[in-house]
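Visitor: This is the structure, below, for whatever I ask next.
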Amino acid sequence: MADWTMIGVPSSAGAHHAGQERAPDALRAAGLLPRLAAAGESVHDAGNLPGAVFAVDHDNPGRRSLPAVVRVADEVANAVADALGGAAVDSAAGAWLPLVVGGDCTITLGVIAGFRRRHRDVGLVYVDGDADLGSPDDGGSGIFDSMGVTHLLGGGAPELAGLAGTLPLLEPGRLAIVGSDPRETDDRGRARLAQLGVSFQEAPELIADPAGAARRALAAIEAASGPIVVHVDVDLIDSGDLPLGNFPHYGSGVRLEHAVACLRVLRAHPSFAGLVLTEVNPTHDGDGSLLRRYIDAVVSSLAA
């Protein structure tokens, strides 16, 4: 049995549109915490941080809503660091495990910054339908949840990349990306990740062997002794199977069962130290069935 503390982050500040700021409360209402408890997990609900709702930012097309994104990420960092409190993060010993529920993907920057205050060699498995290699200056959308990995590795907006006080937020050798849709990353992005030494497995590798993909990701980052955080963006799942993501990914071929098989291996690792759930948009779920399937998958992945 693990001791979990849920921190809700009702924010869509870094998103393409509003909706996922509703996710923490929607998942509570759909029974996430009692389902985990019924599966044998000890769960404490720490409530929600203030968060922020998406707003159109016409004045900053390359850095949309940056002040709000930074504020929310900093709130997350403070909450995670305070909750860790300097105690050892050791799931095998039944210590505290954060379950950070957003919200857009930029909350993971705050989670890593919070861990860095207690454990400088934190690692991250980034299970996501995108590699999130966008930049404020690349002429793209200017939406920060498409730039998460760029900021983790020290690029982008200094206010966000520097949340931990030093660059980068995460050493490249302590980052493994799993499940990215190959259509969302160009050869330049792949070459950049390879040059930096970031472990990068795209959707076909996850589909072919979900458990093996998880083991390879862990092997790539477990050389250091620090804790390993897992980030999961629901847009990993093909929208034809589970259209719950804030941004659609039709045709990737990744099914919910692939994600569960991968996450079970990540959860079982001795250095597993917490989970970040992002990009769920409850406004896409007219009858509640999608949230129920999602919760089934989360509980199946996490329960001992």
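Visitor: What does segment 238-299 give for Rg and for Dmax, in Å, if only its C-alpha atoms count?
Guide: In order Rg, Dmax, the Cα atoms of segment 238-299 give 12.6, 39 Å.
Visitor: Over the chain, what percent of the accessible surface lies on carbon and sulfur atoms, probe 1.4 Å?
Guide: For the chain, the apolar C and S fraction of the accessible surface comes to 53 percent.
Visitor: Another question, if that's okay. Output ³J(HN,Hα) for segment 292-297: one whole-Hz value per residue in order, computed from phi by the Karplus curve 6.51 cos²θ - 1.76 cosθ + 1.60 with θ = phi - 60°, and x for Gly and Pro.
Guide: 5, 5, 5, 5, 3, 5
Visitor: How large is the Rg to Rh ratio of segment 110-152 when both quantities use alpha carbon positions and Rh follows Kirkwood?
Guide: 1.05
Visitor: Using unit Cβ charges (K, R positive; D, E negative) and no other charged atoms, how large, in debye to the nearest 20, is the dipole of the chain about its Cα centre? Could the numbers behind the result be given before it?
Guide: Numbers: 22 positive and 38 negative charges, 135 e Å.
Approximately 640 debye in magnitude.
Visitor: So what are the three principal axis dimensions of segment 135-177 from its Cα atoms, in whole Å, longest to shortest?
Guide: 28, 23, 13 Å, listed from the longest principal axis down.
Visitor: Then there is this: Rg(Cα) of segment 1-83 divided by 2.2 N^0.38 Å?
Guide: Its radius of gyration relative to the 2.2 N^0.38 Å reference: 1.28.
Visitor: Which value in deg cm²/dmol, rounded to the nearest 500, describes the helix-derived mean residue ellipticity at 222 nm for the chain, given -39,500 (n - 2.57) per DSSP H run of n ≥ 4 and division by the residue count?
Guide: Working: 11 runs with 107 residues, N = 304.
Rounded to the nearest 500, the figure is -10000 deg cm²/dmol.
Visitor: Using only the C-alpha atoms of segment 151-304, find the volume of their convex hull and express it per residue in Å³.
Guide: 121
Visitor: For VAL43, which sequence-distant residues (separation of 5 or more, or a different chain) have an amide H within less than 5 Å of its own amide H, given hydrogens modelled in the peptide plane?
Guide: Hits under the 5 Å cutoff: TRP4.
Visitor: Nearest 20 debye, what's the magnitude of the dipole of segment 134-227 about its Cα centre given +1 on Lys and Arg Cβ and -1 on Asp and Glu Cβ?
Guide: For segment 134-227, the charge dipole is close to 280 debye.
Visitor: With every protein chain left in place, what is the accessible area per residue of segment 25-181 in square angstrom, probe 1.4 Å? Mind showing how you got there, number by number?
Guide: Numbers: 5480 Å² over 157 residues.
Spelled out: the 1.4 Å probe surface of segment 25-181, per residue, equals 35 Å².
Visitor: Could you list log10 I(q)/I(0) for segment 58-206 at q = 0.17, 0.19 Å⁻¹, which the Debye formula gives when each Cα is one point scatterer?
Guide: The calculated log intensity ratios at q = 0.17, 0.19 Å⁻¹ are -0.98, -1.19.
Visitor: Per residue, what accessible area does segment 191-304 have, given a 1.4 Å probe and all protein chains present, in Å²?
Guide: I get 37 Å² per residue for segment 191-304.
Visitor: Rank MET147, ALA113, PRO67 by how far each Cα sits towards the positive end of the charge dipole of segment 1-158 (+1 on Lys, Arg Cβ; -1 on Asp, Glu Cβ) and give me just the farthest.
Guide: It is ALA113, whose Cα lies furthest towards the positive end.
Visitor: Take the alpha carbon atoms of the chain, find their radius of gyration, then divide it by 2.2 N^0.38 Å using N residues; give the quotient.
Guide: The reported ratio for this selection is 0.89.
The values are calculated or read from the model by the stated rules, or taken from the named source; none is laboratory data. Predicted model only: the values in this text are computed from it and were never measured. Here Cβ is always computed from backbone atoms with ideal geometry, including for glycine, and neighbour counts include all displayed protein chains. Surface areas here come from the heavy atoms of the whole protein model, side chains and all, with no ligands, DNA or RNA. Shrake-Rupley method; radii C 1.70, N 1.55, O 1.52, S 1.80 Å.
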